[in-house]
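Derivation of every value follows stated rules applied to the coordinates shown; laboratory data play no part. Just so it is clear, the structure is predicted and the values come from calculations on it, not from any experiment. Here Cβ is always computed from backbone atoms with ideal geometry, including for glycine, and neighbour counts include all displayed protein chains.
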Amino acid sequence: MENMFQDLQVLDLSTVLAGPSVGTFFAELGATVVKVESPRGCDVTRTWRLNSEDVLGDVSAYFASVNYKKSYRKLDFSKESDRSELNELIAKSDIVIVNFKEGDDLKFRLSPSDVQAINPRIIYASLKGFASNPNRIAYDVVLQAECGFMFMNGEKNSGPLKMPVALIDVLAAHQMKEGILCALIQRLKSGRGSIVRVTLEESALSALMNQASNYLMAGHIAQPEGSLHPNIAPYGETFTCLDQKQLVLAIGSNQQFEKLCECTMLMRLPHEEQFSTNQKRVLHRSELAALLQSKLALETRDYWMKRFIEIGVPAGSIRSMEEIFKDDFAKSMVREEVISESHTKRMTSIAFRLES
C-alpha cells in the first residue's frame with residue numbers, strides 16, 4: 001500500500017492536527033505532500049512542547065505526530081515571488097488542504113474559486129470549526145464541550161472532562177479523508193475537481209452515535225459515569241488486582257457473563273434474579289461490581305488476563321504509554337523520520353489492510 005498514491009500530489013496549507021494528519025495519511029500511502037507554512041507564523045504546534053522536550057530546533061513531538069514524509073516550504077502569500085511559487089504548486093497538485101479562519105481564504109486569494117481557476121481538477125479540502133457560527137474560534141476542547149462530550153465524560157464527582165487526545169480533530173480528519181476519497185472517485189468520472197467541506201462541529205455531532213439515539217428515542221441524557229456503559233453491565237467497570245494493577249471488563253452477553261462467573265468462581269450469580277439478565281445487571285451493577293472485585297483482588301492482573309483470554313471473557317489491561325510500547329506489536333506501528341535535524345517518532349496513520 002505504500003505506493004497506492006504515488007502519482008498523487010498534495011498541497012498541505014493546514015495547521016494544528018486535523019488537516020496535517022490528512023496530509024500524513026496520503027504521504028504514508030505514497031503521495032508527494034508539500035507542507036507550506038508562513039515564514040511569519042509557522043504551524044503553531046511546532047512550539048507546543050512538553051517541559052521534558054529539547055527546546056532546541058523547531059520540531060515538537062506534537063508537530064511530529066501528524067507531519068510525516070512531507071517536504072516543507074516557507075512562503076509569504078503576500079509576496080508576489082512567493083505567490084508565483086505557490087501558484088505553481090497549486091497548478092500541479094491534485095489536492096489542497098486548508099483550515100483558514102473565516103475570511104482568510106479571500107484575504108489570501110485562496111478561496112475555492114481562486115484555487116480552481118488555477119487548477120480546475122484540484123480537490124479543495126477545507127476544514128472549519130463551527131458550522132453554526134463560522135466566526136467562532138474553535139479548538140478541540142471547545143468542541144468537546146459544545147457537542148456533549150465533556151458533559152457526559154468523567155466520574156459523577158469529577159466535573160466535566162475532555163478526552164486526553166484531540167478527539168474532535170481526529171474525527172474531523174477521518175471525515176476529511178473520506179470526503180477526499182469520494183471526491184477522487186467522482187473526479188475519475190467527471191474529470192473535474194470538487195470542494196470538500198468539513199467542520200469540527202458536524203464531525204463531533206455525527207460521532208455522538210448511540211448516546212444521541214438514547215436521547216432522541218428514549219429521552220435519556222447521558223451523565224458522567226466514568227467508563228461505565230449506560231446499557232450494559234458489567235461493561236466499563238474497572239477492578240484492582242492483587243498486584244495493584246487494573247483491568248476493565250466488557251461483558252456484552254449472557255454467555256460472556258456466565259464465562260466470567262465460571263472463571264471467578266461465582267457460578268451462582270447467573271441464576272440469581274438480580275443478575276439473570278443484562279437489564280437487571282445494569283440496575284444492580286454496584287452490587288455486582290463489589291462481588292467481582294472481591295474475587296479479582298485475589299490474583300494478579302496477568303493471571304486474570306491469561307484466564308480471560310483463554311476462556312473468551314472480554315477484558316483489557318489498563319496500560320500506560322510505557323506498558324504499551326513494551327509491546328512488540330505497538331512498536332511495529334511506530335514510524336521514524338528526521339525533520340529539520342530532529343529525530344522524530346509517531347504512530348502510523350494507516351490502520352487498515354487492503355488485500356486483493
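Annotation: peptides 214-221, 197-204, 135-142, 163-170, ranked by per-residue average of other Cβ atoms within 10 Å with the highest first, follow the order 197-204, 163-170, 135-142, 214-221.
Considering only Gln244, Ser294, Met333, the residue lying farthest towards the positive end of the dipole of region 223-356 is Ser294, judged by Cα position with unit charges set on Cβ. Taking Phe63, Phe325, Phe151 as the candidate residues, the one with maximal mean-square fluctuation in a Gaussian network model of the chain, Cα springs under 10 Å, is Phe325. What you get for the chain, charging only the Cβ of Lys and Arg (+1) and of Asp and Glu (-1), is a dipole of about 460 debye around the Cα centre. Once the Kirkwood radius over Cα pairs is known for the chain, the Stokes-Einstein relation at 20 °C and 1.002 mPa s delivers a diffusion coefficient of 92 µm²/s. Peptide packing: for 3-10, 187-194, 348-355, the average count of neighbouring Cβ atoms within 10 Å per residue gives the ranking 3-10, 187-194, 348-355, highest mean first. Sorted largest first, the principal axis extents computed over the alpha-carbon atoms of region 212-356 equal 64, 43, 37 Å.
Relative protection proxy for 282-288, 78-84, from highest mean packing down: 282-288, 78-84 (other beta-carbon atoms within 10 angstrom). With θ taken as phi - 60° and the coefficients 6.51, -1.76 and 1.60, list the Karplus ³J(HN,Hα) couplings across region 341-356 in order, rounded to whole Hz; mark glycine and proline as x. Values per residue, Gly and Pro as x: 6, 9, 7, 10, 9, 7, 7, 4, 8, 9, 10, 9, 10, 10, 10, 10 Hz. Exceedance of the 29 Å cut-off in Cα-Cα distance is limited, within the set Lys280/Lys326; Lys101/Lys162; Lys74/Lys326; Lys177/Lys259; Lys35/Lys101; Lys156/Lys245, to Lys280/Lys326; Lys74/Lys326; Lys177/Lys259.
Between Ile251 and Tyr235, Gly236, the built amide H atoms are under 5 Å apart, and every one of these is 5 or more places off in sequence or on another chain. Can you bin region 1-84 into rounded, prolate or oblate? Criterion: square roots of the alpha carbon gyration tensor eigenvalues sorted a ≥ b ≥ c, rounded for a/c under 1.5, prolate for a/b above b/c, oblate for the rest. Oblate shape, in that a/c is at least 1.5 and b/c is the bigger or equal ratio.
In the chain, the DSSP beta bridges split such that about 40 percent are antiparallel, to the nearest 5.
Helix content alone sets the calculated 222 nm mean residue ellipticity of the chain: runs of n ≥ 4 DSSP H residues at -39500 (n - 2.57) each, divided across all residues, give -11000 deg cm²/dmol.
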